[in-house]
1. Please give the net charge around SER10, taking every other residue with its beta carbon less than 14 angstrom from that of SER10, where Lys and Arg add +1 and Asp and Glu add -1.
2. Average the reciprocal distances over every distinct pair of alpha-carbons in the stretch 54-96, invert the result, and give the Kirkwood radius in Å.
3. DSSP loop trypsin sites (Lys or Arg not before Pro) in the stretch 72-125 with at most 13 other Cβ atoms within 10 Å of their Cβ, which ones?
4. Which residue, MET49, PHE144, ASN98, has the largest displacement toward the positive end of the dipole of the stretch 2-144 when charges sit on each Cβ (Lys, Arg +1; Asp, Glu -1)?
5. What would the Debye equation give as log₁₀ I(q)/I(0) for the stretch 1-98 at q = 0.25 Å⁻¹, counting only Cα atoms as equal point scatterers?
6. Let me know the charge dipole size of the stretch 84-160 about its Cα centre in debye, to the nearest 20, where only the beta-carbon of Lys, Arg (+1) and Asp, Glu (-1) is charged.
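Coordinate-derived values only; no laboratory data. In this text the structure is predicted, and so the values were computed from the model without any measurement. Neighbour counts are summed over all protein chains in view; Cβ atoms, including those assigned to glycine, are modelled from backbone coordinates with ideal geometry.
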Amino acid sequence: MILRIHSDASYLSEAQARSRAGGHFYLGDKPSNKPEKGNGAILTTSIIMKNVMSSAAEAECGALYNNAKEGVALRNTLHEMGHPQPPTPIQVDNSTTNGFANKQIRQRKSKSMDMWFYWIQDRVEQKQFHVYWRPGHTNLADYFTKHHAPTHHQCERATYLHQPQLASLALRGCVNPAGIPIGTQPGGTPNQNRMTQAVRFKHQLSKTNDRFPNMNRYYSLT
């Protein structure tokens, strides 16, 4: 029950020189060096920032600020429910934003950033958040900040949404407790039909696994 946040932004992607900020909030394991294992999102944000950002790094800092504000309320809620929270990990894919939040860079032109961005530095020092960098293709908030093609949405949809047509193929053994129609093929037995659908299901997941290698944990094919 550890809150985890993925933060991302798209620079100048909206009308009137506005940028979009997105966040993906979910509950995962305690921070460690092991691969991250999360579950479904408890909150997803996608907003157009009112201020005009002067750089991509500033847009990323704005997204980090918005997502951290949402994270404070979620941290308090989890604490009141009996789940004390360590510093909440926030993943970003911009190295300048990571350096800014952790005071690891010497500021020059970034001094022109809005003052409320420095709220992030204070909360990091207070051990409320832990901002770290990971490559962009592992950031789950990227999906909500960019203008993607329909094919990309179809490939990534299973990462964020429950799709019954896919879940119906995740059968356990030879039992179909939900009574889902297995499908018919001329001359095929139920077991053969089930295996055919499982192969199709794995093929559909392979498109998503190229981007998120660990996403196949959401489905079981045993």
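1. Working: positive: ARG18, ARG20, LYS146; negative: ASP8, GLU14, GLU58, GLU60, ASP93, ASP142.
Combined, the nearby Lys, Arg, Asp and Glu give -3.
2. Values: mean 1/r = 0.0855 Å⁻¹.
One over the average 1/r among Cα pairs gives 11.7 Å for the stretch 54-96.
3. When the trypsin sites (Lys or Arg not before Pro) of the stretch 72-125 are filtered for loop state and at most 13 Cβ neighbours within 10 Å, LYS103, ARG106, ARG108 remain.
4. ASN98
5. -1.25
6. Numbers: 10 positive and 6 negative charges, 63 e Å.
Rounded to the nearest 20 debye, it is 300 debye.
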